[in-house]
Each structure stands twice: as structure tokens, then as C-alpha cells.
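*Asks:* Sharing a structure below in C-alpha cells format, with a few things to ask.
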Amino acid sequence: MHLKPVNPERLPELLRRMPKAELHIHIEGSLEPEMIFALAARNRVQLPYANVEALRRAYAFTDLQSFLDIYYAGASVLLEEADFYDMTRAYLRKAAADNVVHAEIFFDPQTHTARGVSMATILNGLHRACAEAPAEFGISASLILCFLRHLSEQDAFETLEQALPFRDQFIGVGLDSGEVGNPPEKFARVFARCRELGFRLVAHAGEEGPPAYVWTALDVLKVERIDHGVQASKDALLMQRLAKDRIALTVCPLSNLKLCVFPDLASHNLRELLDAGLVATVNSDDPAYFGGYMNENFTQTFAASSALGAQHAYALARNGFEASFVDASVMRRHVDRLDAMFDGFR
Ligand code: HPA
Ligand code: ZN
């Protein structure tokens, strides 16, 4: 793809208009404070915050765990199939408005089943919104079930059992929640089982945790993508491995900023990852909590670094499609549209 020079002033427009894939979004992290309060009223759930403003004021995170505590509290308003449906529909509408044309969406069933919500309630709501999205918003979407790594492997196995009657409603499994102290290898057997069952495999690793966790996500869990992975730049051998095997990193700049993984966006290592030949992508993680959906992640990150230009925008968007789990023919069509958009941009 030959790229014409783009006036830096027009970079935000290019970033917003280019078609994108989002590969790292926790659907519970798309719950806006307004919807949390609306669902709390609908379901008669008592929240420990007086109003939307008080809840928003609590979004001052110092690390991953300080966020997770509030994120799990927010998810407690989800009880009925309609709640899961409404939440997913709201996300898909916003993503489509950002020119996201394909999304692979994480969900955390254990957060809900632990409160007595059934797997059927969760998946029927999430899946119906995803199935309607192409016709409704012009975006395709699939689901990835995440195991909570602060819980036991036995709990993950029980969750997998509960989900198997719905196996055609999700394409893969992932691993999220508190990373440090819960290394990937804790889930070796459940991931091996998921691999036998034909699920796509991903895991959060190297968000706060050490490069060693990225190694074991690859070598023990045999994941196909690493979620976050930004700590990999501390290990030159790991960087070579990620580049050689074209293992994508689903990087989430605003998340990293809000959870103090980097002190500011100008210090983020996205450009370093791209320069090392890694398949880095940009994603929103938990957009309702971290202050922005896809386009904000792109525009704020590029605004903070004059070293990022149109060729990086193209690489990031293209990497998103190449790292996605869509069929090769669908991927080709997305990349052709991306190329046409860059060609026509003046
Ligand atoms: N890391 C780990 N677990 C999560 C995250 C994250 O960024 N977001 C939601 N659950
Ligand atoms: Zn995440």
C-alpha cells in the first residue's frame, strides 16, 4: 500500500474515518454511569453511590485492582436478558459511529453467574445484540468468554461446562481480571480443553504483569493474541518472538493511561512496538471507565506523539483486521476497504 502524505492537521479526521476492528473491549466496561443508574432503577438494585456524578467521581484509578473493584460493582445491575442486550446494543451503536466495522467482544460470565444470573440469560442477551448488529448498525460482532484469573481453575472449568450448551454463540476464550499473582499457567488445563474444543484462545498478559506472563500465555496456554502485552518491551527476546510469530498485541492506550501503566500518553510505547515489527492494534478496553471509545483512543494517542503519522494509522488499522478471527475472505474485503479509504483521502 503506497501512502500519500497526509497533512498532520487532518490526521484526526483520517483516524476517525478509517474502518477499524476492535479486538479488546469488555462489554461490562462499556456500561456508562447513566445506564448503570437506569438498570439499577429498573432492577431495584441498591448502588453505593448517590448519583451519576458521585459514581463518575469514583473513577480515579491508581492501578488495575482499584478499577476492577468499581467495574465489578457496576456490573451488579445486570440481571435480565434485556439488560445484557441493551448494554451490547449501546456499545455496538457507539462503535459503529467510530467506524468500527468488526468487534470481538469479551464478557465475564463469572461476574454474573456468581450473583445467580444464568449463562442462558447472559449469552442470549449478548448474542442477540451481536446477531442483529450487521443489519442494524453495519458492524459485525462475535463474543469471547473470559475466565476471571483471580478465581480458581476449577471455577473456570465449571464456567466452561455451563457455557458449552451455547458454544455456537461465542468463538473463543480469554483470561482477565487481576493479573499479578495469577499467572497464565494457573489455567493450563482449562485452556488445553478449550483448544481441543476448537475455541480461539487469547489472554491478558503483560498489562501490569511481567514479560514472563506473556511467555507462559504463549507457550503454556498457546494463545493466538496477547491482550495488552505492553510490558513485552522490557524483554528483547520476547519482542523478537512476538514479531517472528506475528502474535498480535491488543493495546489499549487510554486504559494504560487511566490505570497508571504509563505516566502519560506521550510516554506510551505503541510506536516502539510498531517499530520492532510487532502486530500492535489499538482498542478501548473499558471505554465507559477510561474516557473514550475507539476514536478517542486513536486521536488522543496520536495527538500526544508527533512521531505517529498516517503510516502508523494505516498499520494499526490493518493489523486490527489481520489479527481478527474473521475468515480470510472477509479480512481481505476489510483491508481492501481500508486501502480504498486511504487512497481516496485528500
Ligand atoms: N485487565 C484485566 N481485566 C480486566 C480489564 C483489564 O484491563 N478490563 C476488564 N477486566
Ligand atoms: Zn482488558
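The values are calculated or read from the model by the stated rules, or taken from the named source; none is laboratory data. Remember, it's a predicted structure, so these values are computed and weren't measured experimentally. Glycine gets a Cβ as well: all are built from the backbone with ideal geometry, and neighbour counts include every protein chain shown. In case anyone asks, the SASA skips ligands and DNA or RNA and just uses the protein heavy atoms, side chains included. Shrake-Rupley method; radii C 1.70, N 1.55, O 1.52, S 1.80 Å.
*Asks:* Which of these, ALA131, ALA114, ALA303, has the largest mean-square fluctuation under a Gaussian network model of the chain (Cα springs below 10 Å)?
*Replies:* ALA114
*Asks:* Just to confirm, what accessible area per residue do you get for the chain at 1.4 Å probe, in whole Å²? Before the final figure, lay out the partial values.
*Replies:* Values: 13510 Å² over 346 residues.
With all protein chains present, the chain gives 39 Å² per residue.
*Asks:* Related question: Positive end of the dipole of the range 8-344, charges at C-beta (+1 Lys, Arg; -1 Asp, Glu), about the Cα centre: which of PRO19, ALA280, LEU242 has its Cα farthest in that direction?
*Replies:* PRO19
*Asks:* Moving to a separate point now. Among 287-294, 73-80, 329-336, how do they line up from the highest to the lowest mean number of other beta-carbon atoms within 10 Å? Can you show the working numbers first?
*Replies:* Numbers: 287-294: 23.2, 73-80: 20.4, 329-336: 14.4.
For the peptides 287-294, 73-80, 329-336, the packing ranking is 287-294, 73-80, 329-336.
*Asks:* Also, quick follow-up: Using a 1.4 Å probe on the protein heavy atoms, what percent of the accessible area of the chain belongs to carbon and sulfur?
*Replies:* Working: 6950 of 13510 Å².
Answer for the chain: carbon and sulfur cover 51 percent of the accessible area.
*Asks:* Hey, any idea what Rg/Rh is for the range 8-344, computing Rh the Kirkwood way over Cα pairs? Write down the numbers at each step before the final one.
*Replies:* Values: Rg = 18.7 Å, Rh = 19.9 Å.
Expressed as Rg/Rh, it is 0.94.
*Asks:* Could you work out the relative contact order of the chain? I mean the mean sequence separation of Cα pairs under 8 Å and 6+ apart, divided by the number of residues, in percent. Spell out each step's value before the answer.
*Replies:* On the way: 587 pairs, mean separation 72.3, N = 346.
Rounded, it is 21 percent for the chain.
*Asks:* State to the nearest 20 debye the size of the charge dipole of the range 8-344 about its Cα centre, where the only charges are +1 on K and R beta carbons and -1 on D and E beta carbons.
*Replies:* Working: 32 positive and 45 negative charges, 78 e Å.
Around 380 debye, computed over the range 8-344.
*Asks:* Now for a different question. Let me check I have the definition right: for the range 119-246, take the eigenvalues of the Cα gyration tensor, multiply each by 5, take square roots. What are those semi-axes in whole Å, largest first? Mind dumping the intermediate values first?
*Replies:* Working: eigenvalues 147, 66, 31 Å².
For the range 119-246, the ellipsoid semi-axes come out as 27, 18, 12 Å.
*Asks:* Percent of alpha carbon pairs in the range 163-235 separated by more than 22 Å? Walk me through the numbers on the way to the answer.
*Replies:* Numbers: 533 of 2628 pairs.
I get 20 percent for the Cα pairs in the range 163-235 exceeding 22 Å.
*Asks:* Right, here's the next one. Going by average Cβ neighbours within 10 Å, how do the peptides 163-169, 315-321 rank, with the highest at the top? Provide the component values of the computation, followed by the final result.
*Replies:* Working: 163-169: 14.0, 315-321: 23.6.
Listed from highest to lowest mean packing, they are 315-321, 163-169.
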